[in-house]
Each structure stands twice: as structure tokens, then as C-alpha cells.
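In what follows, a single structure is set out as C-alpha cells and then discussed.
The values are calculated or read from the model by the stated rules, or taken from the named source; none is laboratory data. Just so we're clear, the structure is a prediction, and the values are computed from it rather than from any experiment. Backbone-built Cβ (ideal geometry, glycine too); neighbour counts: all protein chains shown. Note: areas computed on protein heavy atoms with side chains; ligands, DNA, RNA excluded. Shrake-Rupley method; radii C 1.70, N 1.55, O 1.52, S 1.80 Å.
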Amino acid sequence: MDVQQLLRPNIRRLQPYACARDEFQGEASVYLDANENPYNAPYNRYPDPLQVRVKERVAEVKGVPAANIFLGNGSDEPIDLLYRAFCEPRVDNVVAIEPTYGMYRVCADINDVEYRPVLLGEDFGLSADGLLAAADGHTKLAWLCSPNNPTGNSLDPAEVERVLRLFPGIVVLDEAYIDFASSCSFLPRLAEFPRLVVLHTFSKAWGSAAIRLGMAFASEEIVGVLNKIKYPYNVNLLTQRQALQMLEQPGRTQQWVDTLLAERARLLEGLATVPCILRVHPTDANFVLVRVADADTVYRHLTDRGIIVRNRSRVALCQGGLRITVGTPEEDDALLAALRAW
Ligand SMILES: *Cc1c(COP(=O)(O)O)cnc(C)c1O
């Protein structure tokens, strides 16, 4: 199936909103076209709706043509837009690995789209056949997350590739934590897979969760669909400026990643010697899933000491699971000391 066939008919037919900046692009000396206030520069002007300068820099840093990049208000925006573009409410459905990031299900629920979770296997491994078996003629999206949240492991790239080859809909591969992973990104292989969408974010390695900037990489056709249905000015000026500033110094981001990877190794060693921890799962992300006998009491013990981790014990396959983000050495020492005192 090609992308046009997969689209909802109303989206295929949609005549998108044309803003003032769509009608005229380029440099002028007098702007009287958008009912803006002439005072209070630069905040008086609408921002670039297609974030051309930011995309040029993202293209360089990620090694992907700018035409294959969509920028949104966090990864949350492309996640929601993919449902709105491809999934007819109460008719279409999606498949997803389970457990995984909660937003895929929430956006399915908001859009009234059936969500079909497929349990991961041993050691949280992906079985392409299991995922494909849950799909039918109305399955438009397949959600994969690697490294996966909250389990921390990377999915087997051979299984991901099998999904890409055999699933006839859109495959979304969320690589929010790829900078921390030993496994490779699928980004260099984007051109091989016309129905692949890869998600990256400024919220983790780039240290910029506050500015809300998510990146979706896909074919020009899919990027065109997302651009057609997004809010016209979905990424504000402050975010575009700050992103450009971050992108000017990718070396600083790499230093944070290196620091966090070293600290992750130290944290894992420490956690392995904590008596109340039954298991430390291997991780390819900036967090680690551990198992304890009674997650609720350990969680409360930590919060009583001002240390907040994520209680994932009610998530499928994660009984007794606490998800712990890698912090500074001081923060992680405080965590280890509190856990040892349990
Ligand atoms: C943190 C995270 C994101 C980031 O979402 P933003 O909206 O970009 O902040 C995306 N996917 C996963 C799996 C995450 O854990």
C-alpha cells in the first residue's frame, strides 16, 4: 500500500490553511500582510511556519535532507498527527509493542482509534511475527520504541527490519533515547523504507525538554502530510531560536551523553549491590528499570527522602519495576544511599 492509500479520505482531500507567510516568502521591507503589531520586535512577527533554518541545522547534525524532516511541539505532536492523518476513528486500528511509552495509547484513545498492544517476549525482545499477527486490513500504524521506555533495551534491528518489510502500513520507530544506545539508528536507512517514520527529540540527550521540540524523519510524502495538517505556527520563535543555539554546539550534547553513559555504568554497578534490588535490567537509555519485591513501599521510602523515581510496577511485564533516570553523581549517590537504607 502506498502512503496516499493509507491516508484518511478527508485528509487526502484536505485543502490546508494558507497563512500569510505561505502566500509570500522571501525578504521584504514592509510587512502589512499578517495583521501583526509593528512594535515589539522580534516577538510581534509570526514565526517561520516551516522552521527552515532549524531544519537546515538539524539536517547537518543528523545527516538527513531537510525535506525529510518534520518539527513539532515535542514528539507528542507528530505522534498525535500520525493518528489524525492515517486512522479513521472507530474503523482503523494500530498495533504497538507492550510495555512502551504511554503516549501512543493516550493518543489512540483521544482519537477513538483501537489500540492493539502486543506483549514483548523474553528480555523484552520484539517478535515481528507476533506484532504482525495482531494486525489486519485496518491496521494503519505500528508503534516501535528503541531503546524502549520503560524497559531500557534496544529492539533487535533484524526484527525491526522484518516489521518494516512485512507490515503494509506506517511503521513509527521512536528513537528518543538513541543517543545513549550502542545500537544503530535507522535514520541512515530512511530512504530504504518509504513507510518508516523515525522520531527523535530535544528532550533527552539535547537537554531541552522545556522548549518542546520533537523531530520526525520520513519520506517527503509523509512529511508533506504532517505539514498539511499541523497548526500553522506549531513551533514558536523562542523554541526555534533556542534550538538553533543548541544545534550550534552539538559537541556539548555529545559531552553530556558521554558523561551520562559513564555515570550510567557507575549507577548500574551501585544498584547491583543494593540488597532490596532483585534485578537490574540491561539498558541502552539514560534510565534503568530495576525490580524490587514491593515497589510501592520502596517508592514511598524514596519519596519520603525527597527522591522521585517512576513506579512502573503496574505496567505489563514490569511487576516490581521502578524506572530510575541517570542523574548527576551526587543525585545518584543520594538514591543509592536511600535504597541501601531500606
Ligand atoms: C521522553 C520520550 C519522548 C519525548 O517526548 P517529547 O514530547 O519530545 O518530550 C518520546 N518518546 C519516548 C519513548 C520518550 O520516552
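Residue-level analysis places L166 among those that are open to solvent by 60 Å² or more (accessible area, probe 1.4 Å) and among the aliphatic types (A, V, I, L, M). Here P47 meets the list (1) farther than 21 Å from S203 by Cβ; (2) in a loop (DSSP other than H, G, I, E, B) almost entirely, failing just condition (1). When each of K204, K140 is tested for being more than 23 Å from L244 (Cβ to Cβ) and either within 13 Å of the ligand (Cβ to nearest atom) or in contact (Cβ under 8 Å) with a residue 40 or more places away in the chain (or both), the lone residue that passes is K140. Consider segment 302-326 and keep the residues that are surrounded by 17 or more Cβ atoms within 10 Å (Cβ to Cβ) and touching a residue at least 40 places away in the same chain (Cβ under 8 Å). The one that is farthest from C145 (Cα to Cα) is G320. Y115 fulfils the conditions (1) touching a helix residue (DSSP H, G or I) at 6+ places or on another chain (Cβ under 7 Å); (2) within 16 Å of the ligand (Cβ to nearest atom); (3) touching a residue at least 24 places away in the same chain (Cβ under 8 Å) except for a single criterion, (3). Just for segment 181-201: of the residues that are part of a strand (DSSP E or B) and more than 21 Å from G152 (Cβ to Cβ), which one is farthest from the ligand (Cβ to nearest atom)? Per the stated criteria, the residue is L196. I'd like to check something: does segment 253-262 contain any residue that is under 30 Å from P42 (Cβ atoms), more than 14 Å from the ligand (Cβ to nearest atom) and either touching a residue at least 40 places away in the same chain (Cβ under 8 Å) or among the polar types (S, T, N, Q) (or both)? Yes, the conditions are met somewhere in segment 253-262.
The number of residues in segment 248-260 being of a type in the set (A, V, I, L, M, F, W, C) and either more than 19 Å from A334 (Cα to Cα) or assigned to a loop (DSSP other than H, G, I, E, B) (or both) comes to 2.
Taking the listed residues Y233, Y299, the one that is aromatic (F, W, Y) and under 24 Å from the mean Cα position of the chain (by Cα) is Y233, with no other qualifying. None of A210, A216 is in contact with a Phe, Trp or Tyr (Cβ under 9 Å, 6 or more places away or on another chain) and either under 13 Å from G74 (Cα atoms) or part of a strand (DSSP E or B) (or both) except A216. The residues listed here are I178, I211, I222; of these, the one that is more than 15 Å from the ligand (Cβ to nearest atom) and within 19 Å of the chain's Cα centre (by Cα) is I222. Scanning segment 265-287 for residues that are of a type outside the set (D, E) and within 22 Å of G207 (Cβ to Cβ) yields A265, R266, L267, L268, T283, A285, N286, F287.
When A191 is tested against (1) touching a residue at least 40 places away in the same chain (Cβ under 8 Å); (2) surrounded by fewer than 18 Cβ atoms within 10 Å (Cβ to Cβ), exactly one condition is not met: (1).
Cβ-Cβ distances below 6 Å connect the following pairs, each with a first residue in segment 151-179 that is of a type in the set (A, V, I, L, M, F, W, C) and part of a helix (DSSP H, G or I), a second residue that is open to solvent by 10 Å² or more (accessible area, probe 1.4 Å) and within 16 Å of the ligand (Cβ to nearest atom), and a separation of six or more residues or different chains: I178/S185. The residue that is farthest from W342 (Cα to Cα), counting only those in segment 271-301 that are surrounded by 15 or more Cβ atoms within 10 Å (Cβ to Cβ) and among the charged types (D, E, K, R), is D284.
Residues in segment 59-104 that are acidic (D, E) and closer than 11 Å to K140 by Cα: E88, D92.
Of all residue pairs spaced 6 or more apart or on separate chains, those with beta-carbon atoms under 7 Å, a first member in segment 90-109 that is at negative phi and a second member that is in a loop (DSSP other than H, G, I, E, B) and within 12 Å of the ligand (Cβ to nearest atom) are I97/N148; P99/P150; P99/T151; T100/N148; T100/N149; Y101/N149.
Against the list (1) buried (at least 18 other Cβ atoms within 10 Å of the Cβ); (2) away from the ligand (no atom under 12 Å from the Cβ); (3) in a helix (DSSP H, G or I), the condition N234 fails is (3).
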